[in-house]
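First comes the structure, then the notes that go with it.
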Amino acid sequence: MRATRSEETPLTQDLTTTPLNPAQREIQETLGASAEQRPTFRDDLRDDLRSQLEHSFFELLHDEIQLPIFLSKHGLNLLHGCEARFMAEQDDEFEWSIPMARGTVTHKAIELHIGRRGNHTPIDLVEDAISRLENEERSISGFLRELVESDRAQLVADSNEVVAAFFETFPPIKRRWVPVCESRVRADFCDDNITLAGKIDLTLGQAKGMTAGKVIFDLKTGRSHPSHTDDLRFYALVETLKVGTPPRLLVNYYLESGTPRYEAVTEDLLFITARRVIDGVRKYIELNQTNPRPAEFTPGMNCRWCPINESCEAGQRELNRQAEEYDEL
């Protein structure tokens, strides 16, 4: 007589067969949710979300704004943070740097790690990621090709640190978990005049009908910030508009500390996020119409990366305050 097949998910089965350290085990235990822990959403949820967004956007549009409008998680955060920085970044030409390139390189290296067979060291994956990015037609490609050897070595070292942390604190990813790196999500409205778009670091799992199963990860290298939660909620909204079934769980994973921050996706969360997006589009239109209102200055931790911080009085006061606080510590 054959044994009865276990009702556990593949992830929970792996808990008993794969030796993991505590950081890896915490992630895998969270991923291995039972069927009872996976919420089921109503069939018309996507239609209701889209209807609310579309109706609100049409009410905001008028003849004195330049279309189309493209909004990402970064732009949305700036609109709800410092509008002056949002406007400055619109006019400022983006320039690559080693810290900026590190994120792209590490995500590419993790993508290669997940897609390849066999074992590969983090530094080998980083080197391969840089080589591949150099030969692609992307804005980062020219920057990488022109790096002097010392700067390239610094980029390899910095990226290797992040990828090694991922190896050490994240459980080995099985292909049956349906891993996807750098997945693009997009939702268009008002005859393609307004677009919400993003690129998700890592997703695992997938929905079964209207039962949620996907987990969205944002991999972070610094300390936590409230905007990180907003970023994942934005992804959850656009993912729901794309697929119809919301993701099950949102995870900000901080590689330096091996700390995950979880949030379950609910219908209320999605409608709250939709209202935040509508308010962001309203602010965008007010700032970019023929007769725009003045942008508001909201100083904070991000002032150090603002392109106008040297000429911004509020930003200078905030940077001085941060320096004094650091000296006291």
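The values are calculated or read from the model by the stated rules, or taken from the named source; none is laboratory data. The structure presented is a predicted model; accordingly, all values stated were derived computationally and were not measured. Positions of Cβ are generated from backbone atoms using ideal geometry, with glycine treated the same way; all protein chains shown enter the neighbour counts.
Restricting to the stretch 47-72, name every residue that is outside any helix (DSSP H, G or I) and touching a residue at least 40 places away in the same chain (Cβ under 8 Å). I'd like the intermediate steps shown before the answer.
Looking only at the stretch 47-72, we keep the residues that are outside any helix (DSSP H, G or I), and these are 61-72.
Within the stretch 47-72, Leu61, His62, Glu64, Ile65, Gln66, Leu67, Pro68, Ile69, Phe70, Leu71, Ser72 meet the criteria.
Considering each of Glu168, Glu134, Glu111 in turn, give the residue that is closer than 30 Å to Arg46 by Cβ, of a type in the set (Asp, Glu) and at pLDDT 90 or above. Talk me through it step by step, then tell me what you get.
On the way: Glu168 fails: closer than 30 Å to Arg46 by Cβ; Glu134 fails: closer than 30 Å to Arg46 by Cβ.
None of the others qualify; the one that does is Glu111.
Are any residues in the stretch 229-248 over 15 Å from Arg276 (Cα atoms) and either modelled with pLDDT under 95 or among the basic types (Lys, Arg) (or both), and if so, which ones? Give the steps one after another, and end with the answer.
Looking only at the stretch 229-248, we keep the residues that are over 15 Å from Arg276 (Cα atoms), and these are 239-248.
Selection gives Lys242, Arg248.
Given the structure, is Leu147 modelled with pLDDT of 90 or more and either in a helix (DSSP H, G or I) or assigned by TED's automatic domain parsing to the domain that holds Ile200 (or both)?
Numbers: modelled with pLDDT of 90 or more: yes; either in a helix (DSSP H, G or I) or assigned by TED's automatic domain parsing to the domain that holds Ile200 (or both): no.
No.
Whenever a residue of the stretch 96-118 is under 14 Å from Leu147 (Cα atoms) and free of Cβ contacts under 8 Å to residues at least 40 places away in the same chain, its partners that are aliphatic (A, V, I, L, M) and assigned to a helix (DSSP H, G or I), lying with C-beta atoms within less than 9 angstrom and at least six residues away or across chains, give the pairs Met100/Ile140. Whenever a residue of the stretch 284-298 is touching a residue at least 40 places away in the same chain (Cβ under 8 Å) and under 21 Å from Ser56 (Cβ atoms), its partners that are surrounded by 13 or more Cβ atoms within 10 Å (Cβ to Cβ) and of a type outside the set (A, V, I, L, M, F, W, C), lying with C-beta atoms within less than 7 angstrom and at least six residues away or across chains, give the pairs Leu287/Glu83.
Just a yes or no: is a residue in the stretch 117-130 of a type outside the set (S, T, N, Q), loosely packed, with under 13 Cβ neighbours inside 10 Å and within 21 Å of Asp218 (Cβ to Cβ)? Spell out how you get there, then give the answer.
Of the residues in the stretch 117-130, the ones of a type outside the set (S, T, N, Q) are 117-118, 120, 122-130.
Still in the running and loosely packed, with under 13 Cβ neighbours inside 10 Å: 117-118.
Filter once more, keeping what is within 21 Å of Asp218 (Cβ to Cβ): none.
No, the stretch 117-130 has no match at all.
Of everything listed in (1) out of contact with any Ser or Thr (no Cβ under 6 Å at 6 or more places or on another chain); (2) part of a strand (DSSP E or B); (3) without any contact (Cβ under 8 Å) to a residue 12 or more places away in the chain, the single unmet condition for Asp188 is (1).
Based on this model, can you work out whether Arg233 counts as assigned to a helix (DSSP H, G or I), basic (Lys, Arg) and more than 18 Å from the chain's Cα centre (by Cα)? Break it down stepwise before answering.
Values: assigned to a helix (DSSP H, G or I): yes; basic (Lys, Arg): yes; more than 18 Å from the chain's Cα centre (by Cα): no.
Criteria not met by Arg233.
Against the conditions (1) of a type outside the set (A, V, I, L, M); (2) out of contact with any helix residue (DSSP H, G or I) (no Cβ under 7 Å at 6 or more places or on another chain); (3) assigned by TED's automatic domain parsing to the domain that holds Arg282; (4) within 22 Å of Thr221 (Cβ to Cβ), Gly75 satisfies every one except (2).
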